[in-house]
Every structure is written in structure tokens, then in C-alpha cells.
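This report concerns only the one structure given below.
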Amino acid sequence: SRFLSRFLVKMAANNAVLNRLEQKGAEADQVIEYLKQQVALLKEKAILQASLREEKKLRVENAKLKKEIEGLKQELIQAEIRNGVKQVAVPPGTTLSTASFSEDILQPTAVTTSSGSKDQVKGEDEEKKKKEKVEKKGEKKEKKQQPAAGSSDAKPVDVSRLDLRVGCIITAEKHPDADTLYVEQVDVGEASPRTVVSGLVKHVPLDKVLTKL
């Protein structure tokens, strides 16, 4: 009976130890889960802080770029004024933007001048081109009239004094220095053919020039 009682006491003690170990294991699991949650929260906090820093950095950069663009716009206006381009005043209710900015991200657009100044410059260019065309036409008319005036004083041509001959084209090739001329060897009934330069390039193809009279 003593042996049995000692065994039972020992078993009870062992059960108590096992219970405490199981309890400690459960507490350890809870601590591990809590630590995992804390690590996840710290990661989220770090990401959020990094995002806030990046957002602040972008805001500062956007402000700098906006200031630089405004400065370039003023320089452009001053350059146009120096070159004689009139500036059109924009009504107070109208917004003329050189760049559009969102709240967080910069969305650059091309720097533009006022539409009035563009139309004015375009109109001046068109008038200048029209004047140049009129001047060129006047010069062409004068050049055409000069030979006509000179021809009135020229003596009539005596056809009987011209040396007119009929010959057969033996060979023909393009002039080495002029694309619009042929160099031809023409048989006019003499001992040797004559070399003739003609302007038939635009009228007769090279392969059809041969054997022509």
C-alpha cells in the first residue's frame, strides 16, 4: 500500500509538471503571435513614413519646377517684347497656364504664348510672304519686257543668209556637263560628220534620236 501511495503521489506531481509545461507552451505561442503582429505593424508604419517622406519630396520638387517654369515664362515674354511681339492682356476670369500640376504629381505641358500673339505673328508672316511674291512677279515681268523692248530695235533676220542643211544623226549621247543637251554626230554629206549640240533631251528620248534627220 505504501508503494502504491508513493506511485500515485509521484504521478500527480508529474501531471502537475506537464500541466505547467503545457500552460507555458500556450503562453509562448501567444507571445510569438503578438510579436508577429508587432513586426507587421512596424513594417506598415515604416512603409507609411517612407511614403510620407517621398510625398513631401515630390511636393518640394513640384514647387521648384513650377517656380522655374514661371521664370522661363517671364523670360519668354521679355524676349518677345524685345523682338517687337505685342502681348495680349488676358482677362481676369481666364486662366493661362504654362503647366498643370496635380495635387501630388507634376504633369508638365508645353510653355505656350497667348493665342493673340500667335495669330499676330502668323498674320505678319503671311503678309511678308505675299509682298515677296508680288515683288518676284514684278521682277519676272520686267525681265520679260526687257527682251521685248530690245527686239523692237533689232534688225530683221535674213533667212537667205543662214546655212541650213539636212543631215542624218549617226550617234548621240548626253552632254557630259549639261543634262538637257545631246552631243550628236550628224552626217551632212561631207567627208566627215559634224558634231552638233542640240536641246532635244526634253522632247525626244535618246533611243529615238538616232537615224533622225
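Data overview
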quantity: Selection status of Leu18, assigned to a helix (DSSP H, G or I), surrounded by 10 or more Cβ atoms within 10 Å (Cβ to Cβ), of a type outside the set (S, T, N, Q) and modelled with pLDDT under 90; calculated: yes
quantity: Filtered residues of region 142-178 (kept if modelled with pLDDT of 80 or more and either part of a loop (DSSP other than H, G, I, E, B) or touching a strand residue (DSSP E or B) at 6+ places or on another chain (Cβ under 6 Å) (or both)); calculated: Cys168, Ile169, Ile170, Thr171, Ala172, Glu173, His175, Pro176, Asp177, Ala178
quantity: Residue identified as on the phi > 0 side of the Ramachandran plot, out of contact with any His (no Cβ under 9 Å at 6 or more places or on another chain) and either assigned to a helix (DSSP H, G or I) or at pLDDT below 90 (or both) among Gly25, Gly71, Gly84; calculated: Gly84
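The values are calculated or read from the model by the stated rules, or taken from the named source; none is laboratory data. This one's a predicted model, so the numbers in the text were calculated from it and none came from an experiment. Here Cβ is always computed from backbone atoms with ideal geometry, including for glycine, and neighbour counts include all displayed protein chains.
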